[in-house]
Amino acid sequence: MKISRKVILLLFDLFCYSATAAVYYFSVFLFGKMELTDPAVFLTNCVILFFSMLIFRIMLKIYLSIWRYAGTGVYARILIADACGGALAVVVSLLCTAYRNFWDFLVIAAITSLLTLGSRFAYRLIYKRRHNGSDEHRIPVAIVGAGQIGVLLANELLCNKTSNYRPLFFIDRDTTKVGSRVLGLKVYAENDEIIDFIKSQQIKEIFIAVTNLDSELASALYERYSRTSCKIKVYDLPLHEAGPAGEATKARGVLHDFSIEDLLFRQSLSINDSVASHYYSGKTVLITGGGGSIGSELSRQIAKCAPARLIIFDIYENNAYEIQQELVRRYGSSLELYVEIGSVRDRQRLETVFATYRPQIVFHAAAHKHVPLMEHCGGEAIKNNVLGTFNAADMAEKYGVEKFILISTDKAVNPTNMMGASKRMCEMIVQCRTDSKTDFAAVRFGNVLGSNGSVIPLFRRQIAEGGPITITDKRIIRYFMTIPEASQLVMQAGAMAKKGELFVLDMGKPVHIYDLAVNMIRLCGLTPNVDIEIKEIGLRPGEKLYEELLIKTETLTKTQNEMIFIETDMPLSREAVDEKITMLCDAVKALEDGGSPALVREAFHRAVPTFKEPNEVNCNASAAEEMKQANERAAKQLTFSN
C-alpha cells in the first residue's frame, strides 16, 4: 500500500523535531550550566510546542505544497507557521504547566524550522539532479520571457524526466534581468542580435511564455522569431490556476503551436456567469436555426444550464441531426431534447412548434447570412430574414414567451448590402414591440471564427489545395470573435434583456484580412506569395471595406458586463414597421410576377434609411476610424517585431 506523501512529510518532521528536542535536552545535561527541567515537564511542553507548530503548518497548507516546484512564498510560510506555533505554545504552557524556560522553545523551534527548510531545499536539488537525465536526446529550446510563467515552464522542463525539451537560456526585454541567471539559465536581451545568437546555439524550438500575451504582442513575437526558422510554440497558463504568491508554481500550463487566433485576435474570453446560467435553468428554450454555427453553440451552452426542455428548430436536417447526436452522447436522458425540422417562413409550422412546447425563452438565430448570395437573391433575404423574424416574433407574443432574443450582425450598422439591410429590418421588428408582455431584444456582433462559410475555413482549404488564397481587397478589415465567446455573451445579454433593447457586443480591434492570409500561410511553414500566392480579386457585390465600429461610447449605455452595451436607438412604432414590411412584401410579389430585381433593392432603400450603396462608403474608407485603428494596430505590431 502506497503511503501518502503528506504522511511521509509529517513523520519526517516529527522525527526532526523529536531528534532536535532530545539532542537539545541532553546537550544541556552534558554541557549546560543551568539546572535541568524535570524530564516529564520538558516532554509535556515539547508535545505542546510540536502540536502548536503543526496546527499552524496545517492552517497555512504547508503539507499541500509540491516541494519540487515550491517558491519562496511556501518557505516563508513555514517560518510564519513555526513562529506563530511557538507563540501559541508559550501561552498554552503558561496556562497549563507554568513552564517558563522559553529559551528552550526558541531554540527547538528555530532548529526544527531550519531542518524543515533545509530538507525541502535539498529534496528539490536531488530531484532535479536525478530527473534531468541525459540531455543528448532532448531538444534544445529557448524560452522568451523570464517572468513567472517562463520560470514555471523552465522548472517543469528541468524537473520532468519525461520531457523531450532542454531549456538553454531565457530571452527577456527587462534590462534588470538581462545577464542574470534564473534556475541556472542565463537571461539574454531581446535585441537585434538575438536572432543570430539563437541560430548559433542550434536551438530547435522557441517557447513564448509571456504574461498577458495579447494578439498584437503574439503577432510581433511570431514575426520576430520566425526568422530563426525554429518551431515556435506558446505556453498558456490558465488564469484560474494562479494562486497566492509562492503557490503559482503548482499551476500547469499548456504548450501548443501558434494558432491564427493567437496571432490576429484577442484572447478568447472564458465567461462563467452563474447568474445567467441560473436564469436558463429549468426553462423551456427554443432555438431557431439551432443547427447553425451560433445556434448549435447556443444549444451546447444552454444544455449546460440544465433547462427543463431544449428545442432545436432548423430547416437543414443534417446540421440539426449532428447537434442532436452530440448532445445525446453528452447528456443522455438527463437532457429533455427535441429537434424539429421546419422553416421560419412557414407560419403554420412555427405555430405548431410554439403550441406544442410553449417555450419560455426563444433565441432567433435562423437567417440567410451570405452577402453575395443575398445580393443576387434579395427576395429570399426578405422572406427568410425579415418575414421569418416577423413570424417568430408573432408566435412568441401569441404563446406567452418570456424573452425573445434576435441574433443580429454588425452588417446591420449602416448596411451596404441587402443581407445587412434585412437584418436591420429584423432589429426594427424586435425594437418596436415595447408594449408586449414578451421582452424582445436583439444582440449585434461581428464575424465568428470558424463559422459556416467564414474566411478561415476557406483559407485553410485553399492552402491545402496549394493556393492561391483569394482576398477581395488588401485594405479590407473585419471584427472577429470566437463562437463560444459570442454565444455566452448572447446568453448573458438575454438574461438581462428587457423591452426592445438592442445589445452590442465588444468585438475588440479590427483585423486586416490580408494579414490573416499571410499569417495562416506562415503557420503552415510556407512563405506568402512564394509557396502560396495571395490573389486580390476585387470587392464582391454589396461588400464594403470595413464594418463600422459597434462600440461608440457616445451612443451606448454600459451594462454590468464590460463586454455588453446597449444601443440608445429610438424604436419605430408597430404601425411604421408594418408599413415597411408591406413595402418589402410588395417588392417580392412584383419580383415573383416577373419584375426587375432592382425593385427589391429600391424597397430596401425606402424601408431602411441607413442603407447605402457600397461605393458611397468605400470611397471615404481611408478616413474611417475603423480603418485608422486597423492601420495603427499593424504599425504597432511592426514596431514590436523590430
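The values are calculated or read from the model by the stated rules, or taken from the named source; none is laboratory data. This is a predicted model, so every value here is computed, not measured. For neighbour counting, all protein chains shown are included, and Cβ atoms are generated from backbone atoms with ideal geometry for every residue, glycine included. These area figures cover heavy atoms from the full protein model, side chains too; ligands, DNA and RNA do not enter into them. Shrake-Rupley method; radii C 1.70, N 1.55, O 1.52, S 1.80 Å.
One line per residue, one yes/no per condition, for (1) outside any strand (DSSP E or B); (2) within 23 Å of Pro541 (Cα to Cα); (3) open to solvent by less than 10 Å² (accessible area, probe 1.4 Å); (4) modelled with pLDDT of 85 or more:
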residue	(1), (2), (3), (4)
Ala442	no, no, yes, yes
Phe459	yes, yes, yes, yes
Ile463	yes, no, no, yes
Gly467	yes, no, no, yes
Asp473	yes, yes, no, yes
- Message: For region 626-642, check the following and say yes or no: at least one residue is open to solvent by less than 20 Å² (accessible area, probe 1.4 Å), aliphatic (A, V, I, L, M) and modelled with pLDDT under 90.
- Response: yes
- Message: Tell me yes or no: at least one residue of region 547-554 is modelled with pLDDT of 85 or more and either among the polar types (S, T, N, Q) or open to solvent by less than 30 Å² (accessible area, probe 1.4 Å) (or both).
- Response: no
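In region 195-232, which residues are part of a loop (DSSP other than H, G, I, E, B) and under 23 Å from the mean Cα position of the chain (by Cα)?
Filtering region 195-232 down to residues part of a loop (DSSP other than H, G, I, E, B) leaves 201-204, 209-214, 229-230.
Passing the criteria: Ala209, Val210, Thr211, Asn212, Leu213, Asp214.
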- Query: Are any residues in region 586-618 among the hydrophobic types (A, V, I, L, M, F, W, C) and either at pLDDT 80 or above or at positive phi (or both), and if so, which ones?
  - Reply: Ala587, Val588, Ala590, Leu591, Ala598, Leu599, Val600, Ala603, Phe604, Ala607, Val608, Phe611
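Just the residues that are hydroxyl-bearing (Ser, Thr, Tyr), surrounded by fewer than 17 Cβ atoms within 10 Å (Cβ to Cβ) and modelled with pLDDT of 90 or more, please, taken from region 255-313. Before the answer, list the steps.
Initial filter on region 255-313 (hydroxyl-bearing (Ser, Thr, Tyr)): 259, 268, 270, 274, 277, 279-281, 284, 288, 293, 296, 299.
Now narrow it down to the ones that are surrounded by fewer than 17 Cβ atoms within 10 Å (Cβ to Cβ): 259, 268, 270, 274, 281.
Hit for region 255-313 is Ser281, nothing else.
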- Note on the structure: Across (1) open to solvent by less than 10 Å² (accessible area, probe 1.4 Å); (2) under 18 Å from Lys580 (Cβ atoms); (3) assigned to a helix (DSSP H, G or I), Pro415 clears everything bar (3)
- Message: Of all residues being assigned to a loop (DSSP other than H, G, I, E, B) and open to solvent by less than 80 Å² (accessible area, probe 1.4 Å) in region 500-523, which is farthest from Val371 (Cα to Cα)? Just the residue, please.
- Response: Gly500
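Among the residues that make up region 335-352, is at least one of them of a type outside the set (Val, Ile, Thr) and crowded, with 21+ Cβ neighbours inside 10 Å?
Within region 335-352, one or more residues are of a type outside the set (Val, Ile, Thr) and crowded, with 21+ Cβ neighbours inside 10 Å.
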- Counting only residues that are under 29 Å from the mean Cα position of the chain (by Cα) and either of a type in the set (Phe, Trp, Tyr) or farther than 15 Å from Ala486 by Cβ (or both), which one in region 399-411 is least open to solvent (accessible area, probe 1.4 Å)? Phe404
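For the subset of region 447-457 comprising residues that are modelled with pLDDT of 75 or more and outside any helix (DSSP H, G or I), which member is nearest to Glu547 (Cα to Cα)?
Let us first name the residues in region 447-457 that are modelled with pLDDT of 75 or more, namely 447-448, 455-457.
If we keep only those that are outside any helix (DSSP H, G or I) as well, we get 447-448.
Numbers: Asn447: 10, Val448: 14 Å.
Restricting to residues being modelled with pLDDT of 75 or more and outside any helix (DSSP H, G or I), the top hit is Asn447.
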